[in-house]
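This report concerns only the one structure given below.
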Amino acid sequence: MKIVLSKDRMAIEREQDVVPFRNRVKEYAVKIGMSLVNQTKLITAASELVRNMLKYANGGTVLIEVLSQGRDSGIRLVFTDKGPGIKDISLAMKDGFSTGKSLGIGLPGTKRLVNEFDIKSTVGEGTTVSIIKWKNG
Amino acid sequence: MDRIPILRMGRLLLVTIQIDLYDRLATNLETDLVQMVNKTEAKGVLIDISALSIVDSFMGRILGNIGSMSKIMDAETVVVGMQPAVAITLIELGLELKGVHTALNVERGMELLKEKIGNYDEDLSDEDEDSTE
C-alpha cells in the first residue's frame, strides 16, 4: 500500500519555472536519500513532462508527493493541465512520434526513466500524467 | 540579458556551462556560438557540461544543433565532462547526441579537437619557418 507522507504543489506557467521546479524535485529526492542516478532519471523525466505541459497546454500544476510503500520510499509527481488533450495516447507513447517539432522521445523516453507511469487525457479538457520513482527502483 | 560566455583560444571556442540552463539561455547560446564561429573563423568548439546535473531532450537537441550548425560552418564540436548519471539517463531516454563528438574531460577534448582539425599551431609555425628561410 502506498502511503503519502507529504504533499507539495507547484504552478508552472512560464519556461522560467522549469529550473526552480527541477530544483524542488531534487530537494525531495535528496531528502529521501535517492541515489544520484535515480535522482537524475527522475529530474530528467520531470523536466520532459513539464516542458510538454508548457508547450502543448501553456502550463499547469504539478503535485509533488513523498510516498512510502513497505520499506521503500519514493516520489510521485502528478502533472495536470487544462490543455487540448491527447487524441491517441498509444500513438503519443510511440518512439519517434511528435505533433510538435521535437524529437518525439518525450513520453516514451520519460516512461523508461521511471518505475510507474500513468497518463489520462480527454480531448478538450486536459491531460494528467502521473509518475513514480522509487528510491531503490 | 543573461548570456553564457564564449572564450576564444586561438582557433578554438570554449564554453563552460556552469548553471542549469533555462530555455532562453540555451537558445541564445546556440545562436551566439554560430555567430562566433563565423566571426572568429573558429575551427573547433569545446563545450564543458561537467556542471550540468541533467540533460533533457531539449538540452540534447541544443547540443546537437550546435554540433550540426558548426559542422556546416566547417568547425568541429566536442562536448566534454558529462557526468555518468547524465550519460545513463540520456541513453535510457533515447538520446544519442549524434553529430557531436564527446570526450571525458577538457584535456582529452582539446586533444580530440586538435586531431580533428589538424595541429594548426604547428602548421602556422612551419609556415613561419618556411618564410624566414
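Of the residues making up segment B:33-80, just one is basic (K, R), farther than 29 Å from A:L42 by Cα and without any contact (Cβ under 8 Å) to a residue 12 or more places away in the chain, namely B:K39.
Applying the criterion of being in contact with a helix residue (DSSP H, G or I) (Cβ under 6 Å, 6 or more places away or on another chain) and β-branched (V, I, T) to the residues of segment A:2-37, the residue that is farthest from the other protein chains (Cβ to nearest Cβ) is A:I12. Residues that are away from chain A (no Cβ under 12 Å) and surrounded by fewer than 18 Cβ atoms within 10 Å (Cβ to Cβ) within segment B:83-100 comprise just one, B:G99. Given the criteria in contact with a Gly (Cβ under 6 Å, 6 or more places away or on another chain), closer than 15 Å to A:G106 by Cβ and either without any contact (Cβ under 8 Å) to a residue 60 or more places away in the chain or crowded, with 20+ Cβ neighbours inside 10 Å (or both), does A:M93 qualify? No: the conditions fail for A:M93. Just one of the numbered conditions (1) within 26 Å of B:A87 (Cβ to Cβ); (2) touching a Phe, Trp or Tyr at 6+ places or on another chain (Cβ under 6 Å) is not true of A:P108: (2). Taken as a whole, the condition of being within 14 Å of the chain's Cα centre (by Cα), in contact (Cβ under 8 Å) with a residue 60 or more places away in the chain and away from every other protein chain (no Cβ under 14 Å) applies to A:G60. Filtered by the rule that a residue be facing another protein chain (nearest Cβ under 9 Å) and without any contact (Cβ under 8 Å) to a residue 60 or more places away in the chain, segment A:38-53 gives A:Q39, A:T40, A:I43, A:S47, A:R51. Scanning segment A:18-37 for residues that are part of a helix (DSSP H, G or I) and either polar (S, T, N, Q) or in contact (Cβ under 8 Å) with a residue 24 or more places away in the chain (or both) turns up A:V18, A:F21, A:R22, A:N23, A:R24, A:V25, A:Y28, A:A29, A:K31.
Taken over segment A:38-85, the residue count meeting the criterion of being surrounded by fewer than 24 Cβ atoms within 10 Å (Cβ to Cβ), out of contact with any helix residue (DSSP H, G or I) (no Cβ under 8 Å at 6 or more places or on another chain) and in a strand (DSSP E or B) is 11. Here A:A57 meets each of (1) within 18 Å of B:L52 (Cβ to Cβ); (2) at pLDDT below 95 with one exception, condition (1). Filtering segment B:21-54 to residues that are crowded, with 21+ Cβ neighbours inside 10 Å and of a type outside the set (A, V, I, L, M) leaves B:K43, B:G44. Taking the criterion of being surrounded by fewer than 23 Cβ atoms within 10 Å (Cβ to Cβ) and outside any loop (DSSP other than H, G, I, E, B), the residues of segment B:64-75 that qualify are B:G64, B:N65, B:G67, B:S68, B:M69, B:K71, B:I72. Do you know which residues across segment B:12-63 are away from chain A (no Cβ under 13 Å), part of a helix (DSSP H, G or I) and within 14 Å of the chain's Cα centre (by Cα)? Listed by number, the residues that qualify are B:L29, B:E30, B:T31, B:D32, B:L33, B:V34, B:Q35, B:M36, B:V37. Considering segment A:3-24, the residues that are farther than 16 Å from A:T80 by Cα and β-branched (V, I, T) include one that is surrounded by the most Cβ atoms within 10 Å (Cβ to Cβ), namely A:V19. Taken together, the residues in segment B:64-82 that are in contact with a helix residue (DSSP H, G or I) (Cβ under 9 Å, 6 or more places away or on another chain) and within 14 Å of another protein chain (Cβ to nearest Cβ) amount to 2.
The values are calculated or read from the model by the stated rules, or taken from the named source; none is laboratory data. Just so you know, these numbers come straight off a predicted model, no measurement behind them. Ideal geometry is used to build each Cβ from the backbone, glycine not excepted, and the neighbour counts take in all protein chains shown.
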